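Below you'll find the structure, written out as structure tokens, and then a few comments.
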Amino acid sequence: MAELDTSGGGHKKGPGVKKGKKLSTRIDLTPMVDLGFLLITFFMFTTTLAKPKTMEINMPYKDKDLTEVEKNKIKESVALTILLSKNHKIYYYEGMATDPTKPPDLKATTFAARNGIRDEIISKKKSVDALKLSGALTAKDQMTVLIKPDTTSTYSDLVNMLDEMNINDIKVYAIIDISDVDQNFIKETEVANGIK
């Protein structure tokens, strides 16, 4: 609240000199302290506290009848292996290529919007769903993507691939170290296509 101080301004009056009274104003800030505490209390109650950010982990289904090896075994028909290589190149094949004497049908693509890796993931997901409908796969069998970054690939390619897993709602995927066999598959494909 503002108060008026009516005391003299500290000036002496001389004889014959008439000056008007000079009034000084003084502002009392005591009510502002109350208002400050009210605002602090209001913001403390209305502000949500920061919640810890956690990553969801899908745990495997527990089946007591299966051994540990059978639980972790992936069927070839649901697996899609993606190899990340240099210059943002992506190589992929269906299955896991467990037999090095029979090389898989390795195909190349990129992160392009059309005819990119997203289209291949969607296509594989549809084929797995069709196998489930036909009875060749059980309801527990889900599409599994194995991501294998090469030593020449970039970190951004791996992040982009993880984004593709979220965009396409792929529940089961794993980041695995690339094997020498897979690196040989890439080299053979690059030599056959004239890529350096």
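Read-outs throughout are calculated quantities, based only on the coordinates presented, and are distinct from any laboratory measurement. In this text the structure is predicted, and so the values were computed from the model without any measurement. Note that each Cβ is placed from the backbone with ideal geometry, even for glycine, and that neighbours are counted across all protein chains shown.
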Original post:
Between segment 113-133 and segment 164-196, what is the C-alpha centre distance in whole Å?
Top reply: 17 Å
Original post:
What residues have an amide H closer than 5 Å to that of TYR173, excluding those fewer than 5 places away on the same chain, when H is modeled at 1.01 Å from N in the peptide plane?
Top reply: VAL145
**OP:** Determine the alpha carbon to alpha carbon distance for each of LYS53/LYS89; LYS89/LYS132; LYS86/LYS125; LYS89/LYS187 and list only those over 21 Å.
**Re:** LYS53/LYS89; LYS89/LYS132; LYS86/LYS125
Subject >> Most to least packed among 32-44, 151-163 [average Cβ atoms within 10 Å] >> reply: 151-163, 32-44
Original post:
Antiparallel DSSP bridges in segment 79-196: what percent, to the nearest 5?
Top reply: 45 percent
Original post:
Ordered by residue, what ³J(HN,Hα) values in Hz, to whole numbers, does segment 125-134 give under the Karplus form 6.51 cos²θ - 1.76 cosθ + 1.60, where θ = phi - 60° and Gly and Pro are x?
Top reply: 5, 5, 5, 5, 4, 5, 5, 5, 5, 7
Subject >> Stretchable slack from PHE111 to MET44, in nm (0.36 nm times residue separation minus alpha-carbon distance) >> reply: 19.6 nm
Original post:
In percent, how large is the relative contact order of segment 68-193, given Cα pairs closer than 8 Å and 6 or more residues apart?
Top reply: 28 percent
Original post:
For segment 68-193, what is the charge dipole size about the Cα centre, in debye to the nearest 20, if Lys and Arg each add +1 at the Cβ and Asp and Glu each add -1 at the Cβ?
Top reply: 340 debye
Original post:
For segment 88-196, max minus min Cα coordinate along each principal axis, in Å, sorted largest first?
Top reply: 43, 32, 25
**OP:** Provide the FRET efficiency to the nearest 0.05 for the TYR155-ILE122 pair, computing r from the beta carbons and using R0 = 25 Å.
**Re:** 0.50
Subject >> Cβ-based net charge around SER85, under 9 Å, with every Lys or Arg adding one and every Asp or Glu removing one >> reply: -1
